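Step one of this worksheet: look at the structure below.
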Amino acid sequence: MFARYRQSLLPDKRGVSGSWRSWKWYLGNYAFILPFMLLFVVFILRPILASFQMSFFRWEVFGPKPFIGLENCDELLNDDLWWVALRNTVYFAFLTSALLTTLPIFIAITLNLPFRGRNDFRALFFFPYVLSASVVGLVMRWLLGQQFGIVNHLLGSVGVGPIPFIADSDLVIPSLSVITLWWAFGFPMLIYLAGLSNIPQDIYEAARIDGARGWQMTRYITIPLLRPIILFVAVTQLISHFQVFAQPYVITNGGPAQDSFTVIFYMFRAAWTYFRMGFGTAMAVSLAVIIMAFTLLQFRFGGRRLEY
Amino acid sequence: MEAKPPQLSDANTQISRIALYALLVLLAIAILFPSYYWMVATSLKTNPEAFYYPPDFYPPKPTLEHYHEIMTRGDINVPRWGWNSLVIAVATTAVTLFVTSMAAYGFARLEFPFKNLIFIVVIFTLMIPSQIYMIPNYLLVRDLGWLDSYHAVIWPAAPNVFGLFLLRQFFSTFPRELEEAAIVDGAGRLRIYWQILIPVNRNALIALGIFVFLHSWNDLFWPLIVLSRVENRTLPVGLAVLAGAYGAGDSFSEPALIMAASSMSSIPVLIVYVIFQRRITQSFMLTGMGGR
């Protein structure tokens, strides 16, 4: 009896397929995915294909849009500003991801210890993540200013500085990285906490009987068991920070000079300041290719699940 | 014997405990001082007072003049921007949850030709960074006449591929036998979706909802492109434009006014966060790894 009902819900190939009954049935099943698929095709699939296509055209908002083959690509390769933006983006992405992958591990391990108030600390540490990049950017700009910033005032009172955190060519990217760390470390922290809660406690118990203590447990049990999650965090962070835009846009406007100008910032300027849509898509496609290379790395290394 | 979670080393428990608390409290201060104390303190000063050196740690004569100025000035319309942000985030969340959960039910529980092929194509796009959609989507939204409207922000965000992947995983784990029992009782596809899978997986749906809401609320790039008139901006866009209008990098004119706008836009967030913090952190733990 169940088999018949089940077949009516999920007709298999031997069953009712081919008949009018199953045709109507399948149409009903398609109806469930239709709204999503419609929006998906219009707003995701079509623009991906259109971007690849547009990158071969001189596509400006006004005037003719001739096919120019790889000219946009060629222009990018010979464009000093593109290489500056790419260098800044890679530097920022690797530095920020390194910070956001490593430090939250230790914060998570600390907050996984049994003590009163740890849930309040978790909530507090995650809090900056819910603020918008604009608020974070404005507040940090006001805090880190060389002349009137409170941070430099406090540093001055212990005899350091003033340090031009966001006005110096060499310091601006590390400063943006640390600001991003301040803003976003709560997210990887929560991922690590979720991972820590999956580590069975009897492993620690066994290690204790064998004489392992504090740091040894962290070094030889916790971190090796977290490895797949650490890898996952590293790759997802890298992918998201390659797309950095808000921090330099709000905090430095790409400056000083072009020292915090990034790829997406350049695409934004090409497309919406100079209306060079074709050139902009060439940048987007280039960045996508770079990012996809890193995503493939994740599939290569991150696909395995660890058994305890 | 009950297995104990990792303990602070037993001999120095007391000292370690104090050191631990000290460290955590320092970190907490590093978070709260910039985000709340200094922002609000500056907003209660006058602009000249904000530039005093050495700075006053609290406003000598607290004033609400900048908050008043924001309420009356047209070009820094924080309440209006907040309203736009709220409408867009609520609508985006509602539409996303609706279309994504329906499709997740289809992909998790129903059969139809080319199901796996379609699903693979959809999931594959997760690998492609979203900036690649921006230029073609901008041109489409412009041709539809949606620039400077809520539609321009809500609809392109609705097909959430990550959300589909997440919900499909949750829907797939629902036991087949229970679904069959419902069929025996005469339930059709709509009822199984709406009266069984949705309520059973409400935690996953709430988690995805919080995730989508926060991303929509804080998104900068796309709304910055499609919303250009002052009264149509969202909070992040409005503040980012202010950031550009009042100097860049180190130079900063009218800091007290800008900090008042920042405070006004983030105090509601703080209140909501304090009320729902447990729910929010749990949601991010659940969605953080795609439900793994």
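Taking each residue as 0.36 nm, the span from A:Asp170 to A:Leu77 lengthens on full extension beyond its C-alpha to C-alpha distance by 31.0 nm. The charge dipole of the protein assembly as shown, taken about the Cα centre with unit charges on the Cβ atoms of Lys, Arg (+1) and Asp, Glu (-1), comes to about 1980 debye, rounded to the nearest 20. Annotation: amide H-H contacts under 5 Å for A:Phe57 (H modelled 1.01 Å from N, sequence separation of 5 or more, or interchain): A:Ile68.
Which of A:His153, A:His241 comes first, and how do the rest follow, when ranked by fewest Cβ neighbours within 10 Å? Working shown, then result.
Working: A:His153 18, A:His241 22.
With the fewest neighbours first, A:His153, A:His241 line up as A:His153, A:His241.
Give the residue list of trypsin sites (Lys or Arg not before Pro) in the range B:189-252 that are DSSP loop and have at most 15 other beta-carbon atoms within 10 angstrom. Hits after loop and neighbour filter: B:Arg229.
What chymotrypsin sites (Phe, Trp or Tyr not before Pro) does the range B:146-246 have in DSSP loop regions with at most 11 other beta carbons within 10 Å?
Details: sites: B:Trp146, B:Tyr150, B:Phe162, B:Phe165, B:Phe170, B:Phe171, B:Tyr193, B:Trp194, B:Phe211, B:Phe213, B:Trp217, B:Phe221, B:Tyr246; in loops: B:Trp146, B:Tyr246.
Filter output for the range B:146-246: empty list.
Distance distribution P(r), the range A:18-65, all Cα-Cα pairs, bin width 5 angstrom from 0: 5, 17, 13, 13, 12, 11, 9, 7, 6, 5, 2 percent. So what is the relative contact order of chain A, in percent, for Cα pairs below 8 Å that sit 6 or more residues apart? It comes to 27 percent, rounded to a whole number. The range B:163-233 and the range A:207-279 have Cα centres separated by 28 Å.
Once you have a ≥ b ≥ c as the square roots of the Cα gyration tensor eigenvalues for chain A, tell me rounded if a/c is under 1.5, and otherwise prolate or oblate according to whether a/b is larger than b/c.
Details: a/c = 2.34, a/b = 1.08, b/c = 2.16.
It comes out oblate by the Cα gyration axes.
Rounded to whole Å, give me the distance from the Cα center of the range B:88-119 to that of the range A:68-137. Cα centroid to Cα centroid, the span is 30 Å. Under the criterion of Cα pairs below 8 Å and six or more residues apart, the relative contact order for chain B equals 31 percent. Let me make sure I get this right: for the protein assembly as shown, a, b and c are the square roots of the gyration tensor eigenvalues over alpha carbons, sorted descending. Under 1.5 in a/c it's rounded, otherwise prolate if a/b > b/c, else oblate. Which is it? Oblate shape, in that a/c is at least 1.5 and b/c is the bigger or equal ratio. Here the range A:191-228 is scanned for amide nitrogen atoms under 17 Å from the site 7 Å beyond the Cα of B:Asn203 along Cα-to-Cβ, giving A:191, A:193-199.
Just counting partner chain Cβ atoms within 10 Å, what average do the residues of peptide B:84-94 show around their Cβ?
Numbers: counts 0, 1, 0, 0, 0, 0, 0, 0, 0, 0, 0.
Mean shielding by partner chains, rounded to a whole number: 0.
Going by the alpha-carbon gyration tensor, a ≥ b ≥ c the square roots of its eigenvalues, is the range B:179-229 rounded (a/c under 1.5) or, if a/c is not under 1.5, prolate (a/b greater than b/c) versus oblate? It is prolate, given that a/c is not under 1.5 and a/b is the larger ratio. Given q = 0.14, 0.16, 0.17 Å⁻¹, what are the Debye log10 I(q)/I(0) values for the range B:10-130, with equal point scatterers placed on the Cα positions and solvent ignored? The computed values of log10 I(q)/I(0) come out as -0.87, -0.94, -0.98. Size descriptors for the range A:151-308 (Cα atoms only): Rg and Dmax, in that order, 21.4, 68 Å. Each Lys and Arg adds +1 at its Cβ and each Asp and Glu adds -1 at its Cβ; summed about the Cα centre, chain A shows a dipole of about 1500 debye.
In which sequence would A:Met217, B:Met102 go, from the one with the fewest C-beta neighbours within 10 Å to the one with the most?
Values: A:Met217 19, B:Met102 22.
Exposure proxy ranking, most exposed first: A:Met217, B:Met102.
Scan chain A and report its longest stretch carrying no trypsin sites (Lys or Arg not before Pro) that are both in a DSSP loop and have at most 11 other Cβ atoms within 10 Å.
Between the exposed loop sites, the longest stretch runs A:117-303.
How fast does chain B diffuse by Stokes-Einstein, in µm²/s, taking the Kirkwood radius from C-alpha pairs at 10 °C and 1.306 mPa s? The partial results should precede the final answer.
Details: Rh = 22.9 Å.
Estimated via Stokes-Einstein, D reaches 69 µm²/s.
Taken together, the values in this text are just the output of simple stated rules run on the coordinates, not laboratory data. All of these numbers come straight from a predicted model, not from anything done at the bench. Neighbour counts run over all protein chains shown; Cβ positions are idealised from the backbone, glycine included.
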